[in-house]
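The values are calculated or read from the model by the stated rules, or taken from the named source; none is laboratory data. Keep in mind that what you see is a predicted model, and the values were worked out from it rather than measured. No Cβ is skipped: glycine too gets one built from the backbone with ideal geometry, and neighbour counts run over all protein chains shown.
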């Protein structure tokens, strides 16, 4: 005997089939139907914050909803990254997270998220120009000059970074190991302090982020770029990848939660990819001396996983972690 299923029960079954705790099929089809929150794990006003605001302003045109910027600095970018990773996976909380909070800091300290299991990349839309820099009147014209000095003067080649086990610190120690020289690390609270110490003659060089205006004003000189690919903004300056084969992955991304469905991620990726082509975004990035670089989410997730494994091995070999 065939039993009739009441319409209400049928509707409930359909809802259960197509819904999860984060979203329903109907929600996906209408996405986005309300403002999107974009979390930025750095304070407002700096180059990173400005780049995020540039891309979001243009992406709003294609997503047809406001993108609300919320700054959540702290914990070497892990506070904001955690807020993104642990949000409801409905596509309405996205954000920026650079390299270290995805594949370095989680190896060094306990964070409330797993960068591989909890986070999904949406898009890469730019890169960051980090470097090794000296005072403009420094006798070191190239990085090899600096190495030669370090070889003749063990431990006297002092350098500043934003902290112990920062990307700058780790990579400089790897370079020193490859060159078989001894250098002395002096950690600071942030990039402005590193640059002040350099200009005051308290360290010989800085490694990490830098103020592009100081380069333009010829107060500091770049002698090596800390990045994976050459910087069009600073032609002729070799990269750490070119000279030593070492990675320095730093980029502008949009991330969200792992459980967000493909259809929503695809809509976000398309909106931000279209935004990258807007003249206002391209002009703004050029004014910030930042490169515009595209990678899709799948490629970026692969790169994050590769770097997570690389830095796990590096930190283990250095004895920093067990």
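Couple of notes before you dig in:
A quick yes/no check of all residues on (1) free of Cβ contacts under 8 Å to residues at least 60 places away in the same chain; (2) part of a strand (DSSP E or B); (3) closer than 30 Å to residue 161 by Cα:
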position: 224; (1), (2), (3): no, yes, yes
position: 232; (1), (2), (3): yes, no, yes
position: 236; (1), (2), (3): yes, no, yes
position: 248; (1), (2), (3): no, no, yes
position: 254; (1), (2), (3): no, yes, yes
position: 280; (1), (2), (3): no, no, no
position: 289; (1), (2), (3): no, no, yes
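- Within region 151-171, being without any contact (Cβ under 8 Å) to a residue 40 or more places away in the chain and within 15 Å of residue 207 (Cα to Cα) holds for 164, 169.
Residue-by-condition table, conditions (1) touching a strand residue (DSSP E or B) at 6+ places or on another chain (Cβ under 8 Å); (2) in the same structural domain as residue 116 (by TED's automatic domain parsing):
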{"residue": "214", "(1), (2)": "yes, no"}
{"residue": "220", "(1), (2)": "yes, no"}
{"residue": "227", "(1), (2)": "yes, no"}
{"residue": "236", "(1), (2)": "no, no"}
{"residue": "239", "(1), (2)": "yes, no"}
{"residue": "254", "(1), (2)": "yes, yes"}
{"residue": "265", "(1), (2)": "yes, yes"}
{"residue": "277", "(1), (2)": "no, yes"}
{"residue": "288", "(1), (2)": "no, yes"}
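- For region 155-181, the set of residues classified as loosely packed, with under 14 Cβ neighbours inside 10 Å, touching a strand residue (DSSP E or B) at 6+ places or on another chain (Cβ under 9 Å) and modelled with pLDDT of 95 or more consists of 155, 156, listed by residue number.
- Only one of the numbered conditions (1) within 29 Å of residue 108 (Cβ to Cβ); (2) part of a loop (DSSP other than H, G, I, E, B); (3) within 27 Å of the chain's Cα centre (by Cα) is not met by residue 202, and that is (3).
- Options 107, 102: the member that is more than 25 Å from residue 231 (Cβ to Cβ) and touching a helix residue (DSSP H, G or I) at 6+ places or on another chain (Cβ under 7 Å): 107
- When restricted to residues that are buried (at least 17 other Cβ atoms within 10 Å of the Cβ), in contact (Cβ under 8 Å) with a residue 40 or more places away in the chain and either within 16 Å of residue 308 (Cα to Cα) or under 16 Å from the mean Cα position of the chain (by Cα) (or both), region 109-141 contains 15.
- Every test in (1) touching a residue at least 40 places away in the same chain (Cβ under 8 Å); (2) surrounded by fewer than 19 Cβ atoms within 10 Å (Cβ to Cβ); (3) not in a loop (DSSP other than H, G, I, E, B) is passed by residue 144 save one, and that test is (1).
- Residue-level check: of (1) modelled with pLDDT of 95 or more; (2) surrounded by 18 or more Cβ atoms within 10 Å (Cβ to Cβ), residue 251 misses just (1).
- Region 291-322, residues that are touching a helix residue (DSSP H, G or I) at 6+ places or on another chain (Cβ under 8 Å) and without any contact (Cβ under 8 Å) to a residue 40 or more places away in the chain: 322
- Among the residues of region 62-78, those identified as over 18 Å from residue 108 (Cα atoms), more than 14 Å from the chain's Cα centre (by Cα) and assigned to a loop (DSSP other than H, G, I, E, B) are 64, 65, 66, 72.
- The residues of region 79-116 that are part of a loop (DSSP other than H, G, I, E, B) and either closer than 28 Å to residue 33 by Cβ or not assigned by TED's automatic domain parsing to the domain that holds residue 268 (or both), listed by number, are 86, 87, 88, 89, 90, 91, 92, 96, 97, 113.
- For residue 260: the one exception among (1) crowded, with 19+ Cβ neighbours inside 10 Å; (2) free of Cβ contacts under 8 Å to residues at least 12 places away in the same chain: (2)
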